[in-house]
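The values are calculated or read from the model by the stated rules, or taken from the named source; none is laboratory data. Bear in mind that the values here come from a model prediction, so they are computed numbers and not experimental data. With ideal geometry, Cβ positions are generated from the backbone for all residues, glycine too; neighbour counts draw on all protein chains shown. What goes into the accessible areas is simple: the full protein's heavy atoms, side chains included, and nothing from ligands, DNA or RNA. Shrake-Rupley method; radii C 1.70, N 1.55, O 1.52, S 1.80 Å.
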Amino acid sequence: MNEQFSDDIYGRARVQVTPELEAYYKELETLGAGALWTVANDIEPWEPKSKSIPMFWKYESLRHLVLKSSELVTPEQAGRRVVYLVNDNRKDVSAAVGWLYTGIQVTRPGEFTSAHRHKASALRFIMEGEGGYTVVDGNKIILEVNDFVITPNSTWHEHGVDANGKTCIWQDGLDIPLVNALEANDYAVLEGTQELAAPINYSPMTYGGTGLIPPDKEWDKPYSPLFKYSWKVVYPALLEAEKVNEPNPFDGIIMKYTNPMNGDHVMQTMGASIQLLPKGFKGKAHKHTGSIVYQCAKGKGFTIINGKRFDWKERDIFCVPSWAWHEHHNLSETEDACLFSFNDLPVIEKLGLYQERIFEENDGHQIME
């Protein structure tokens, strides 16, 4: 809690405990009730408060263990062979930060997972390999490094790697903790594999044109019809934007992945962004509601979160909890850096819960611990 706020003022709960009150509280407890003033200051904080802490997962330390999992269990045994990343303060709900889950999945050539679906929404960011693919509601899509892929809630989906491909590793992101907290999750498995309902890469080839959508196609789903956002399109778009735009002081050149039909977030409960930090970029600090998981897609740099510095390079993953001060820096004076991220902002924004604050001291930069 911010030190400028005090609970010892009119309007905040400040009842002094007495033996009589203690007896009263115990009597209420036997009836499944309680006195609001005993918990009011905790459940109504002065500012947003996160249970999560900043976390950093170094890829070079995890990679061999991710690969080792492919020697220990098969996709058939595991369902999905994933090393999940958990926040030290969110182990009870298997969350990486807030109500978001993330993990690193590995698939060898010739392997595939069974088709399944769940109420939780899911996304992938491709880290390594060749010949990987996903099938979403009958749409088979070929995966390449740094592609961003969505599998919206309740869509049938499966993943695999062609027999002549190379071992693929990608980051999974899901809102499993959120959907479980709402007591609304489910899971189903399809016997065998899906029948293809369209030509391979139909979705990105139909809806992936920059600023172009087909006027003769109907789409009535609440999520994007573009299931893959190709790095070969995304990165050049960042470079073009950099030529004619001043960098955002906090995030550099940042772009939101969108539903091409309406410009909204790609899915109802999770959004994603890609940002380019120009060479030598020194971002200023701000904080906002909403939890974010980052992966470095290109370059190297560091992020300061609540006064603590985390140095990252390609494939490292870290998280910024809701309402945590954070600023991004590119360590290179000659090369840009890129950060992929996914978030719970669609939920935060639709519920009217988004707020932001700018760090105004020290020219906008945090003092490190």
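Show the residue pairs meeting these rules: Cβ distance below 9 Å; 6+ apart or different chains; first residue within the range 206-227 and without any contact (Cβ under 8 Å) to a residue 24 or more places away in the chain and more than 22 Å from S121 (Cα to Cα); second residue small (G, A, S) and assigned to a loop (DSSP other than H, G, I, E, B). As it stands, the answer is T206/A198, since those pairs meet every condition given.
Here is a yes/no grid of residues against (1) among the charged types (D, E, K, R); (2) within 21 Å of the chain's Cα centre (by Cα):
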site	(1), (2)
V97	no, yes
S114	no, no
R124	yes, yes
T134	no, yes
L143	no, yes
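Counting the residues of the range 234-259 that are β-branched (V, I, T), outside any strand (DSSP E or B) and open to solvent by 60 Å² or more (accessible area, probe 1.4 Å) gives 1. Filtered by the rule that a residue be crowded, with 21+ Cβ neighbours inside 10 Å and in contact with a helix residue (DSSP H, G or I) (Cβ under 9 Å, 6 or more places away or on another chain), the range 261-282 gives H265, V266, M267, T269, M270, G271, I274, Q275, L276.
For V15, the conditions (1) hydrophobic (A, V, I, L, M, F, W, C); (2) surrounded by 12 or more Cβ atoms within 10 Å (Cβ to Cβ); (3) without any contact (Cβ under 8 Å) to a residue 24 or more places away in the chain are fulfilled apart from (2). Looking only at residues in the range 327-369 that are under 24 Å from S121 (Cα atoms) and hydroxyl-bearing (S, T, Y), the one that is most open to solvent (accessible area, probe 1.4 Å) is Y354. The single condition among (1) closer than 30 Å to F112 by Cα; (2) modelled with pLDDT of 95 or more that G79 does not meet is (2).
Could you tell me whether any residue of the range 293-306 is open to solvent by 20 Å² or more (accessible area, probe 1.4 Å) and within 22 Å of E349 (Cβ to Cβ)? No; the residues of the range 293-306 include none that is open to solvent by 20 Å² or more (accessible area, probe 1.4 Å) and within 22 Å of E349 (Cβ to Cβ). Among the conditions (1) of a type in the set (S, T, Y); (2) open to solvent by 90 Å² or more (accessible area, probe 1.4 Å); (3) in contact with a strand residue (DSSP E or B) (Cβ under 8 Å, 6 or more places away or on another chain), T107 misses just one, which is (2). A residue that is more than 22 Å from Q268 (Cα to Cα) and open to solvent by less than 50 Å² (accessible area, probe 1.4 Å) occurs nowhere in the range 173-191. Filtered by the rule that a residue be in a loop (DSSP other than H, G, I, E, B) and surrounded by 11 or more Cβ atoms within 10 Å (Cβ to Cβ), the range 200-221 gives I200, N201, G208, G209, I213, P214, W219, K221. Looking at the range 114-154, which of its residues are hydroxyl-bearing (S, T, Y), assigned to a loop (DSSP other than H, G, I, E, B) and buried (at least 21 other Cβ atoms within 10 Å of the Cβ)? Answer for the range 114-154, where residues must be hydroxyl-bearing (S, T, Y), assigned to a loop (DSSP other than H, G, I, E, B) and buried (at least 21 other Cβ atoms within 10 Å of the Cβ): just S121.
None of G98, G165 is at pLDDT 95 or above, buried (at least 17 other Cβ atoms within 10 Å of the Cβ), over 26 Å from G271 (Cβ atoms) and not hydrophobic (A, V, I, L, M, F, W, C) except G165. Total residues in the range 26-64 satisfying the condition of being in a loop (DSSP other than H, G, I, E, B), surrounded by 10 or more Cβ atoms within 10 Å (Cβ to Cβ) and of a type outside the set (G, A, S): the figure is 11. Taking first residues from the range 167-192 that are free of Cβ contacts under 8 Å to residues at least 40 places away in the same chain and assigned to a helix (DSSP H, G or I) and partners that are buried (at least 23 other Cβ atoms within 10 Å of the Cβ) and of a type outside the set (S, T, N, Q), no Cβ contact under 9 Å between residues at least 6 apart in sequence or on separate chains turns up.
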